[in-house]
Amino acid sequence: MRQAVFLDRDGVLNGAIVREGEPYPPSSLAQLKILPSVAEACTLLREAGFLLIVVSNQPDVARGTQRREVVEAIHQLLRKRLPLDDIRVCYHDDPDCCACRKPEPGLLLNAAEDWDIDLSASFMVGDRWKDIEAGRRAGCKTIFVDNGYNERKPDNADHRVGSLIEAVGWILQHRREPA
């Protein structure tokens, strides 16, 4: 089995658009800004043998405020610039009650099945409570990137950092061999 680092997209890989303390995804390629040191962090994790899998809620598509083509163009650019193995997306909104929308663990569970991942030897890095809860429900260690949003914080993350590059050292220190 393999190990993975599951990565939320907005606020972890690229900057979220913050309005009145709340994060929103970029609405266009022009708004997409990969955060400092993210490419370096991803390279270090890949060199350490981790799969890098993005797991992202993108409910604005279901809400009709974002086009799926724009989300896919953002992902294509992220794939070009970062050493990512996979990008998994939930396009549903909360009322849809789907198994893939974080905090449900469906995106992680499906990726684990497809990539032969040992979830207990893997990590979830996210900047919102739903990311951390999805990681915990899937059986991963969790790292919360605290961007200071004015919203509910997770109370059960295994570790708290200010950026993905800060998470790398902790991940490497707490890794274990997969089953």
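Derivation of every value follows stated rules applied to the coordinates shown; laboratory data play no part. Treat the numbers as computed from the prediction; the structure is a model and nothing was measured. Please note: Cβ atoms are built from the backbone with ideal geometry, for glycine as well, and neighbour counts cover all protein chains shown.
Values for this structure:
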| item | result |
| --- | --- |
| Net +/- balance of residues flanking residue 93 in space, Cβ distance below 12 Å, scoring K and R +1, D and E -1 | -1 |
| Size of electric dipole in segment 114-179: Cβ of Lys, Arg +1 and of Asp, Glu -1, about Cα centre, debye, nearest 20 | 200 debye |
| Cα gyration tensor, the chain - rounded (a/c under 1.5), prolate or oblate | rounded |
| Helical contribution to [θ] at 222 nm, DSSP H n ≥ 4, -39,500 (n - 2.57), averaged over the chain, rounded to 500 | -9500 deg cm²/dmol |
| Lys, Arg +1 and Asp, Glu -1 on Cβ, resulting dipole of the chain about Cα centre, debye, nearest 20 | 220 debye |
| Any cysteine of the chain lacking a neighbouring Cys Cβ under 4.7 Å - listed by number | 42, 97, 98, 140 |
| Among 81-92, 6-17, 22-33, the order from most to least packed when residues are scored by Cβ within 10 Å on average | 6-17, 81-92, 22-33 |
| Selected from 21, 31, 59, residue furthest toward positive end of dipole (segment 14-69; charges at beta carbon) | 59 |
| Between 0 and 90°, nearest 10: helix 164-174 axis offset from the chain longest Cα axis | 30 degrees |
